[in-house]
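One structure is given below, encoded as structure tokens.
The values are calculated or read from the model by the stated rules, or taken from the named source; none is laboratory data. The shown structure was predicted, so the numbers you read here are calculated from the model rather than taken from an experiment. Neighbour counts are summed over all protein chains in view; Cβ atoms, including those assigned to glycine, are modelled from backbone coordinates with ideal geometry.
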Amino acid sequence: MAEPKKVKIMETVLRDGHQSLCATRMRYRQMEPMLASLDEIGYKALEAWGGATFDTCLRFLDEDPWERLDKLKANLKKTPIQMLLRGQNLLGYNHYSNDVVEKFVKCASKHGIGVFRIFDALNDVNNLRVAIKAALEAPEKPEVQGCLVYTISPVHGNDVFVKLAKELKDMGCHSICIKDMSGLLAPYIAYDLVTKLKAELGDTPVELHTHCTSGFGHATYIKAIEAGVDIIDCALSPFSCDTSQPCTETILAMFEGSKHEQVDIPAVVVNARDESKTLDRQALTPIAKHFLGVKKELIEEFGLKGYFDVNPNVLDFQIPGGMLSNLTNQLKEAGMEDKYQDLLDEMPRVRKDAGYPPLVTPSSQIVGTMATYNVAYGRYVAAPKEFKDLVRGKFGRTPVPVDRDFITNTLKIPADQIIEDCSVEDAKATTFEQFKAEIIDKGFLNPTDEDVLSYALFPQVAEEFFKKHYKPITAYKR
């Protein structure tokens with residue numbers, strides 16, 4: 001028998017697990033009791049920052065995201081902290097100037113990010129260059145991981161993703177992640193894609209991130225492991241499955257074997273710090289018990305659904321797991337719960353009109369909002385500015401060029417506003433020093449670099465946060 005393949009796990013309970021099932025509402029105090037225990041498990045990394053956590057900290061939880069990162073780092077001494085970064089978008093919904101991107105990456109690395117997972121919603125590598133270069137140059141030497149944003153469309157196939165992976169490796173990425181944010185990657189397609197990536201990338205580690213939204217999740221991981229994937233993303237049981245990642249404990253049990261049956265198992269899930277050891281499933285039981293309690297608290301406090309049915313129709317509407325959780329909440333608040341299926345039906349039509357962008361933040365929110373407008377007011381009677389920006393090229397090149405007649409006649413966008421090279425527009429974006437001057441003009445005279453970055457990403461939300469936590473004029477904490 002061949003030596004079993006050694007596979008590592010990246011744990012998402014501190015970020016994507018609760019983002020997918022509980023609208024990113026987990027507070028730091030709810031994480032802290034289990035951080036030391038999580039640190040001992042032997043995960044390849046713990047995803048705990050980035051994605052929607054930054055916005056949610058400021059907007060809903062009254063937490064400073066930079067302070068949260070400092071506390072996480074103080075308690076996670078052995079396991080790298082991973083973050084999700086949206087290239088030139090950082091964690092916001094616009095493109096930022098190069099110096100803002102560089103400053104953000106530098107600060108995040110300084111505060112303790114050990115793995116930067118960097119992606120672009122359109123898979124446009126031009127939107128990744130600045131962030132990847134900044135992370136590679138960080139003195140703390142974090143791992144820099146480039147993403148293939150997986151999607152299904154007439155113009156997306158495995159060979160397209162292999163070509164993108166080679167570009168990311170040539171840009172200096174230490175590892176490559178297949179980011180399947182909507183659970184679209186079918187098991188046998190995964191086997192083919194991972195096989196091709198391993199053949200092309202050599203020793204470069206390949207990681208797979210998926211969701212269980214369509215029901216594929218665990219089966220997709222099995223076939224990917226058979227094909228040679230190096231790392232898989234999983235969530236502890238209370239925050240797993242449904243629209244989240246496959247369950248950590250279940251994956252471990254799959255590859256433990258049996259005390260009663262002698263069977264050949266092709267892989268073993270190893271401790272990332274000592275590959276001679278396997279991960280201990282029993283050690284996860286008390287941690288999972290704690291987070292089950294946290295989930296119940298979040299559902300009760302925020303009136304969340306918390307659980308989602310498997311929906312194979314995601315293969316058509318392609319909404320990411322985290323967005324499904326937030327979208328359900330938003331429809332409920334707007335009194336439009338009965339329009340949920342109409343909205344899901346409209347999503348693929350809007351996506352086709354927009355040039356088949358992969359649906360991941362911010363494109364998923366942009367397409368989702370446009371679909372909501374269409375359901376509420378009629379098709380393209382009104383269009384949000386962000387949707388117009390997407391189709392006119394402000395966020396980069398869409399996989400298929402958007403029809404000019406749709407841009408100029410249906411959406412009434414003047415032809416001279418169509419952008420061929422978004423990097424030219426990025427150069428016109430507000431600089432770090434300009435954001436700093438804005439904060440000072442508002443009466444906060446001593447902002448830290450971190451304060452300026454928070455303001456740059458979410459100006460109104462950050463300003464309200466500053467008013468609560470800083471003295472006017474000095475910006476010193478009370």
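General observations
- Any pair with Cβ under 7 angstrom, 6 or more apart, that starts in region 372-385 at a residue that is under 12 Å from ASP342 (Cβ atoms) and ends at one that is part of a helix (DSSP H, G or I): THR372/LEU343; ASN374/GLU346; ASN374/VAL350; VAL375/LYS339; VAL375/ASP342; VAL375/LEU343; VAL375/GLU346
- Restricting attention to region 176-192, the residues that are closer than 15 Å to CYS147 by Cα and of a type in the set (Asp, Glu) total 1.
- Residue match in region 82-93 (condition: of a type outside the set (Phe, Trp, Tyr) and either touching a Cys at 6+ places or on another chain (Cβ under 7 Å) or over 20 Å from ILE178 (Cα atoms) (or both)): yes
- Residue check, PHE435 outside any loop (DSSP other than H, G, I, E, B), within 25 Å of LEU91 (Cα to Cα) and more than 25 Å from the chain's Cα centre (by Cα): yes
- Residue match in region 359-373 (condition: more than 23 Å from the chain's Cα centre (by Cα) and among the hydroxyl-bearing types (Ser, Thr, Tyr)): yes
- Entry remark, region 184-226: residues being outside any helix (DSSP H, G or I) and within 22 Å of the chain's Cα centre (by Cα) number 16 in total.
- Region 245-265, subset of a type in the set (S, T, N, Q) and surrounded by fewer than 24 Cβ atoms within 10 Å (Cβ to Cβ), residue modelled with the highest pLDDT: THR250
- When the residues of region 359-380 are filtered to those that are at pLDDT 90 or above and in a loop (DSSP other than H, G, I, E, B), the one that is surrounded by the fewest Cβ atoms within 10 Å (Cβ to Cβ) is GLY378.
- Within region 2-30, residues that are within 14 Å of PRO246 (Cβ to Cβ) have Cβ atoms under 7 Å from residues that are crowded, with 19+ Cβ neighbours inside 10 Å and aromatic (Phe, Trp, Tyr) in these pairs: ILE9/TYR43; MET10/TYR43; GLU11/TYR43; VAL13/PHE239; VAL13/PHE291; GLY17/PHE239; LEU21/PHE239, counting only partners at least 6 apart in sequence or on another chain.
- Qualifying residue in region 160-179 (condition: in contact with a strand residue (DSSP E or B) (Cβ under 9 Å, 6 or more places away or on another chain) and touching a residue at least 60 places away in the same chain (Cβ under 8 Å)): yes
- Exclusive hit being within 18 Å of the chain's Cα centre (by Cα) and surrounded by fewer than 22 Cβ atoms within 10 Å (Cβ to Cβ), set GLY114, GLY157: GLY114
- Within region 221-244, the residues that satisfy the criterion of being surrounded by 24 or more Cβ atoms within 10 Å (Cβ to Cβ), hydroxyl-bearing (Ser, Thr, Tyr) and more than 22 Å from ALA2 (Cα to Cα) are SER240, THR243, SER244.
- Filter pass, ASP70 being charged (D, E, K, R) and in contact with a Leu (Cβ under 8 Å, 6 or more places away or on another chain): no
- Qualifying residue in region 454-468 (condition: of a type in the set (Lys, Arg) and in a loop (DSSP other than H, G, I, E, B)): no
- Residue pairs whose Cβ atoms lie under 8 Å apart, sitting 6 or more positions apart in sequence or on different chains, and linking a residue in region 125-146 that is surrounded by fewer than 22 Cβ atoms within 10 Å (Cβ to Cβ) and in a loop (DSSP other than H, G, I, E, B) to a partner that is at pLDDT 95 or above and not hydrophobic (A, V, I, L, M, F, W, C), are ALA138/LYS106; ALA138/SER109; ALA138/LYS110; PRO139/SER109; GLU140/SER109; GLU140/LYS110; GLU140/GLY114.
- Single match in LEU136, LEU90, LEU84, LEU122 (criterion: closer than 27 Å to ILE319 by Cα and touching a strand residue (DSSP E or B) at 6+ places or on another chain (Cβ under 7 Å)): LEU84
- Test: residue in region 398-405 that is modelled with pLDDT of 90 or more, farther than 16 Å from LYS352 by Cα and not aliphatic (A, V, I, L, M): no
- When the helices (runs of 4 or more DSSP H) confined to region 1-99 are screened for residues that are under 19 Å from ASP449 (Cβ atoms) and at pLDDT 95 or above, those reaching at least 1 such residues are found at 53-56, 65-75.
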